[in-house]
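Participant: Before I ask anything, let me first share the structure, which is written out below as structure tokens.
The values are calculated or read from the model by the stated rules, or taken from the named source; none is laboratory data. The shown structure was predicted, so the numbers you read here are calculated from the model rather than taken from an experiment. Glycine also receives a Cβ, built like all others from the backbone with ideal geometry; neighbour counts cover every protein chain displayed.
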Amino acid sequence: MHAELSPVIAATAQWLTCAYPPGGGALDAALCEAQARQAVTVAAWLRYPTPMDAALVGVAGPGGADRLDWVTGAEGAAADDADGYAWRTWVDEVVASWAACLLTDPLLAGQAVSALADSSHTVSAPAEFRRLTAPDDRDRRAAALLRHPDLLAPIAELHFADLFDRLRPGQALSA
């Protein structure tokens, strides 16, 4: 993974798990976080397919969570969290939207993972995305809100068309 994407992946996964929290205890929290992180990783790798893309987002920054907070109705809560605000600037709206699409559709998630097969992100080390592409019952229960299509629809719809274009047959990711 390109180091430049680490803060984007961490912040966007954290935003998703804060907006759509797990239902139970520590195990549910860990499973929910793993699913969010896998979805965000795939989405970020699709959005920033080359080392140059990753470096540019590392320099320019991804834009933050303001619009996502507004869409989910959480903008007031974000303003009250002055101590934790810095991480929110590393949330990528498009990556969150694409991750929401992947979390609600395992077939689409499988297609997205397949699209990464020869990308620069997976060349050096194969990645495992089973919790994203083939969640078991425990995964689904732990991330019931995070995988609920109706709840994620406002976020998923923001940039679904761009994800669809990226995954269109014959559309190659730059290596």
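Participant: Look at the stretch 16-51 and say how many of its residues are within 9 Å of the chain's Cα centre (by Cα) and over 19 Å from Ala127 (Cβ atoms).
Facilitator: Number of matching residues: 0.
Participant: Also, quick follow-up: Determine whether the stretch 161-169 contains at least one residue that is at pLDDT 90 or above, part of a helix (DSSP H, G or I) and crowded, with 20+ Cβ neighbours inside 10 Å. Walk me through how you get there before you give the answer.
Facilitator: Of the residues in the stretch 161-169, the ones at pLDDT 90 or above are 161-167.
Still in the running and part of a helix (DSSP H, G or I): 161-167.
Remaining after also requiring crowded, with 20+ Cβ neighbours inside 10 Å: 163.
Yes, the conditions are met somewhere in the stretch 161-169.
Participant: Ala36 is checked against (1) modelled with pLDDT of 90 or more; (2) surrounded by fewer than 23 Cβ atoms within 10 Å (Cβ to Cβ) and fails just one. What number does that condition carry?
Facilitator: Status for Ala36: all satisfied but (2).
Participant: Which residue pairs have Cβ atoms closer than 6 Å, lie 6 or more positions apart in sequence or on different chains, and pair a first residue in the stretch 18-31 that is in contact (Cβ under 8 Å) with a residue 40 or more places away in the chain with a second residue that is acidic (Asp, Glu)?
Facilitator: Filtered contacts from the stretch 18-31: Pro22/Asp28; Leu31/Asp139.
Participant: Working only within the stretch 1-52, note down all residues that are part of a helix (DSSP H, G or I), aromatic (Phe, Trp, Tyr) and in contact with a His (Cβ under 8 Å, 6 or more places away or on another chain). Full working, then the answer.
Facilitator: Within the stretch 1-52, the subset part of a helix (DSSP H, G or I) is 3-19, 26-47, 51-52.
Keeping just the survivors that are aromatic (Phe, Trp, Tyr) gives 15, 45.
Passing the criteria: only Trp45.
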